[in-house]
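What follows is a set of notes on a single structure, which appears directly below.
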Amino acid sequence: MPNIVVLVKQVPDTYSERKLSDSDHTLDRESADAVLDEINERAVEEALLIKEAQGGEVTVLSVGPDRATEAIRKALSMGADKAVHVSDPALHGSCVLQTSKVIAAAIGKVDGVDLVIAGNEATDGRSGAVPAILAELLGYPQLTHARKVTIEGASIKVERETDEGITHLEASLPAVVSVGEKINEPRYPSFKGIMAAKKKPVETFTVADLGIDAGEVGLANASSSVLEAAPKPPRAAGQRVSDEGDGGVKIAEYLIAQKLI
Amino acid sequence: MSEVLVLVDHVDGEIKKVTFELLTAARQIGEPSAVVVGSPGTAAKLKESLAAYGAAKVYVAESDDATGYLVTPKVDVLAALVEKAAPAAVLVAATADGKEIAGRLAARTGSGLLVDAIGIENTAGSGDGAVVVAVQSIFGGAFVVKSKSNKGTPIVSVRPGGLEAEQAQGAAAEEAVDVPAADAAKSARITGQEPIVGGDRPELTEASVVVSGGRGVGSAEQFEVVEKLADAFGAAVGASRAAVDSGYYPPQFQVGQTGKTVSPQLYVALGISGAIQHRAGMQTSKTIVAVNKDAEAPIFEIADFGVVGDLFAVAPQLTEEVGKRKG
Ligand SMILES: Cc1cc2nc3c(=O)[nH]c(=O)nc-3n(C[C@H](O)[C@H](O)[C@H](O)COP(=O)(O)OP(=O)(O)OC[C@H]3O[C@@H](n4cnc5c(N)ncnc54)[C@H](O)[C@@H]3O)c2cc1C
Ligand SMILES: Nc1ncnc2c1ncn2[C@@H]1O[C@H](COP(=O)(O)O)[C@@H](O)[C@H]1O
């Protein structure tokens, strides 16, 4: 009966324009619609599948501004049992390492964790490193980029899929797993699930609650900082022709003129 | 001049091109030391090519454990070397493994982490006291950002194909280092591997021409039309997520936000609508050509040359034209 923590992040919707704020080069979270990152829906789905087969409990955990409660509610409405939300203005501008430290401390607030499930890569930061850093901080094995997860008692097997191919992994629990895009199709929250989610417990913490000094987090103390940021001018449309039976020839002529063939 | 550690990316002793890019980037900062972590006998196979790209030193960390566990052996070796050699920076490839190695290494050594750089600059000139600045392209190329590390040793992951490799002669002097014993309770054991067998086509992120197909291609069999055009160019084949999800083409060829980021000289999109998430992976291509039967498809907003038409008529004709041209 694994006790599972699923890490979810609210990200700017990729369908809307994403910007950096002019003042401090941090992600401008106000300018874009915010959604539960799609890869995290798959992480929640995987946790629910394990729970349905083996029992246990699923806790959703998110570090992010107050607004991230929407993402948390969505995960709860899919079927997770409860949630932990770390929200603190001091976190603004934190780097990947600081965020991971806060997540690790928050995981410590959940009793008897057997398994941490995350997405393999967030669509906003794309650091693709949080799950591995957590494994480092918690001293758990990392089984990342999973396309298949099997739990048998206190051991876990994962099929990891990356550009290099497939790697079969084995480790003992507790462990950190990150899921890849091809692992499952996340369920839609049912009406009943949405109603039930409103009553599920969400525990909120500040960094001080986690025993972390506010001076250790945030933009001013980040392990790296942005020196400059410049938007790239958008691409302009070029020529467009309709195929009159010579479309392929037209492209070839264009490519020859551009010295591309 | 201070050392710069470069983690050699290889599969069973076969070197990856990104290693040469890392060695080239390292020379901006100081003197590159290649770090080979692998099974016994690996470094011997790699030494010559590492020398040809300017590796002054080669740290040889070989053992059976080195390949028996995921990611952690490499972190262990690099962490020990960071302590021993006090390098100006550590560079790794921004692959799935490399991003994780870099993250863990930065956490363990209390260092700054710079992710997915497409270039490295040294604002202090070469030599001691290098100030390492990573150039990054974010939100699918919508922003270019420069950042620096604030503590410890800058740990930088560098995007494959992000910069041009240049040869330089290096001594490649070997030095053996230990692979610390793995802690089984904290590591994931590798029990089997099914590497992707690279075909005859160039790798997606390395190719100078990429020909991609989308849902408009219609089936796995019909992807042959895309492959034939790619082969005429000597190009890599890519696919949209819709094409991958429909089972037309394998996932490792997906281009876009959750797939690969490519930046070739020429990108040809066949039957791809040009959703923002697809554009995020290809809009920094030098030249974009699109074929789509829908004149309103958003791909035309960024295409340098677009043809409104049926890809099954246009692509084979183009294949023939390119073939003629190449002889
Ligand atoms: C979080 C997230 C991440 C995503 N990541 C990615 C990603 O990494 N990569 C990616 O590609 N997508 C990604 N997507 C999906 C993306 O939103 C689109 O759904 C996808 O790119 C559409 O693929 P497509 O253009 O092949 O299909 P469609 O949008 O269905 O377009 C097919 C096109 O083919 C044209 N067509 C049909 N028949 C022909 C013909 N015979 N000749 C010429 N043209 C024809 C049609 O006019 C149409 O424009 C992501 C989405 C989300 C939410
Ligand atoms: N602030 C956060 N709160 C909760 N989970 C997070 C946060 N940041 C990252 N994660 C988790 O780590 C995964 C990978 O993110 P990243 O390493 O930033 O690409 C995400 O899909 C989440 O599961």
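Taking the conditions exactly as written (under 28 Å from B:I276 (Cβ atoms) and out of contact with any strand residue (DSSP E or B) (no Cβ under 7 Å at 6 or more places or on another chain)), does B:F143 satisfy them or not? Against the criterion (under 28 Å from B:I276 (Cβ atoms) and out of contact with any strand residue (DSSP E or B) (no Cβ under 7 Å at 6 or more places or on another chain)), B:F143 does not qualify. Contact map, the range B:282-296: first residue at negative phi and among the small types (G, A, S), second residue crowded, with 23+ Cβ neighbours inside 10 Å and in a loop (DSSP other than H, G, I, E, B), Cβ cut-off under 6 Å, separation 6 or more or different chains; pairs are B:S285/B:P264; B:A290/B:A303.
Could you please find all residues in the range A:176-208 being at the interface with chain B (Cβ under 8 Å from one of its Cβ atoms) and over 30 Å from B:G13 (Cβ atoms)? Across the range A:176-208, the qualifying residue is only A:E181.
Here A:D243 meets the list (1) surrounded by fewer than 17 Cβ atoms within 10 Å (Cβ to Cβ); (2) without any contact (Cβ under 8 Å) to a residue 24 or more places away in the chain almost entirely, failing just condition (1).
In summary, A:A34 fulfils each of the numbered conditions (1) farther than 25 Å from B:Q136 by Cα; (2) within 16 Å of ligand 1 (Cβ to nearest atom); (3) among the small types (G, A, S) with the single exception of condition (1).
Within the set B:V77, B:V18, B:V60, the sole residue that is of a type outside the set (S, T, Y), over 20 Å from A:Q142 (Cβ atoms) and more than 18 Å from the chain's Cα centre (by Cα) turns out to be B:V60. Being within 16 Å of ligand 2 (Cβ to nearest atom), within 30 Å of A:V11 (Cβ to Cβ) and either crowded, with 24+ Cβ neighbours inside 10 Å or under 26 Å from the mean Cα position of the chain (by Cα) (or both) is a property that does not hold for B:G271.
Residue by residue through the range A:209-236, note down the ones that are in a loop (DSSP other than H, G, I, E, B), surrounded by 13 or more Cβ atoms within 10 Å (Cβ to Cβ) and away from every other protein chain (no Cβ under 12 Å). The answer is A:I212, A:V217, A:G218.
Tallying residues that are touching a helix residue (DSSP H, G or I) at 6+ places or on another chain (Cβ under 9 Å), closer than 14 Å to A:I117 by Cα and modelled with pLDDT of 95 or more within the range A:170-185 yields 9. For the residues A:L20, A:L76, A:L61, the requirement of being away from ligand 1 (no atom under 16 Å from the Cβ) and touching a Phe, Trp or Tyr at 6+ places or on another chain (Cβ under 9 Å) singles out A:L20. Checking the structure you have, find out if any residue of the range B:42-49 is at pLDDT 95 or above, at negative phi and crowded, with 23+ Cβ neighbours inside 10 Å. Scanning the range B:42-49 turns up at least one residue that is at pLDDT 95 or above, at negative phi and crowded, with 23+ Cβ neighbours inside 10 Å. Among the residues of the range B:206-225, those that are assigned to a loop (DSSP other than H, G, I, E, B) and either on the phi < 0 side of the Ramachandran plot or polar (S, T, N, Q) (or both) comprise B:E206, B:A207, B:S208, B:G214, B:S219, B:A220. Annotation note: of B:V217, B:V291, the sole residue that is crowded, with 19+ Cβ neighbours inside 10 Å, more than 26 Å from the chain's Cα centre (by Cα), away from every other protein chain (no Cβ under 13 Å) and away from ligand 2 (no atom under 16 Å from the Cβ) is B:V217. Within the range B:232-241, does at least one residue satisfy the condition of being part of a loop (DSSP other than H, G, I, E, B), touching a Gly at 6+ places or on another chain (Cβ under 6 Å) and more than 12 Å from every other protein chain (Cβ to nearest Cβ)? The answer is yes; a qualifying residue exists. Taking residues in the range A:20-47 that are touching a residue at least 60 places away in the same chain (Cβ under 8 Å), and partners anywhere that are more than 15 Å from ligand 1 (Cβ to nearest atom) and in a helix (DSSP H, G or I), the pairs with Cβ atoms closer than 8 Å and at least 6 places apart or on different chains are A:D24/A:L219; A:T26/A:L219; A:N40/A:A75; A:E41/A:A75; A:E41/A:M78; A:V44/A:A75; A:V44/A:M78; A:E45/A:M78. The listed residues are B:L229, B:L163, and the only one of them that is touching a strand residue (DSSP E or B) at 6+ places or on another chain (Cβ under 7 Å) and in a loop (DSSP other than H, G, I, E, B) turns out to be B:L163. In summary, B:K324 fulfils each of the numbered conditions (1) at pLDDT below 95; (2) under 30 Å from B:A96 (Cβ atoms); (3) surrounded by fewer than 23 Cβ atoms within 10 Å (Cβ to Cβ) with the single exception of condition (2). Taken as a whole, the range A:60-74 holds at least one residue that is away from ligand 2 (no atom under 14 Å from the Cβ), assigned to a helix (DSSP H, G or I) and crowded, with 19+ Cβ neighbours inside 10 Å.
Checked against the criterion of being at the interface with chain B (Cβ under 8 Å from one of its Cβ atoms), more than 10 Å from ligand 2 (Cβ to nearest atom) and in a helix (DSSP H, G or I), the candidates A:E170, A:E136 yield just one match: A:E136. The set of residues in the range A:208-225 being over 23 Å from the mean Cα position of the chain (by Cα) and over 11 Å from A:A90 (Cα atoms) consists of A:D209, A:G211. Looking only at residues of the range B:64-82 that are of a type in the set (D, E, K, R) and in contact with a helix residue (DSSP H, G or I) (Cβ under 8 Å, 6 or more places away or on another chain), we find that the one that is surrounded by the most Cβ atoms within 10 Å (Cβ to Cβ) is B:K74. Suppose the filter is over 29 Å from B:G129 (Cβ atoms) and touching a Lys or Arg at 6+ places or on another chain (Cβ under 8 Å); does B:G13 pass it? When the stated conditions are applied, B:G13 passes them.
When the residues of the range B:307-316 are filtered to those that are farther than 9 Å from A:D243 by Cα and surrounded by 20 or more Cβ atoms within 10 Å (Cβ to Cβ), the one that is farthest from the other protein chains (Cβ to nearest Cβ) is B:L311.
Selection of the range B:156-213 for residues being within 12 Å of chain A (Cβ to nearest Cβ), in contact with a Phe, Trp or Tyr (Cβ under 9 Å, 6 or more places away or on another chain) and closer than 20 Å to B:A117 by Cβ yields only B:L204. Remark: A:V249 falls outside the filter, which requires a residue to be in contact with a Leu (Cβ under 7 Å, 6 or more places away or on another chain), within 14 Å of chain B (Cβ to nearest Cβ) and either assigned to a strand (DSSP E or B) or not hydroxyl-bearing (S, T, Y) (or both).
The values are calculated or read from the model by the stated rules, or taken from the named source; none is laboratory data. Worth saying up front: this structure is predicted, and the values here are computed from it rather than measured. Neighbour counts are summed over all protein chains in view; Cβ atoms, including those assigned to glycine, are modelled from backbone coordinates with ideal geometry.
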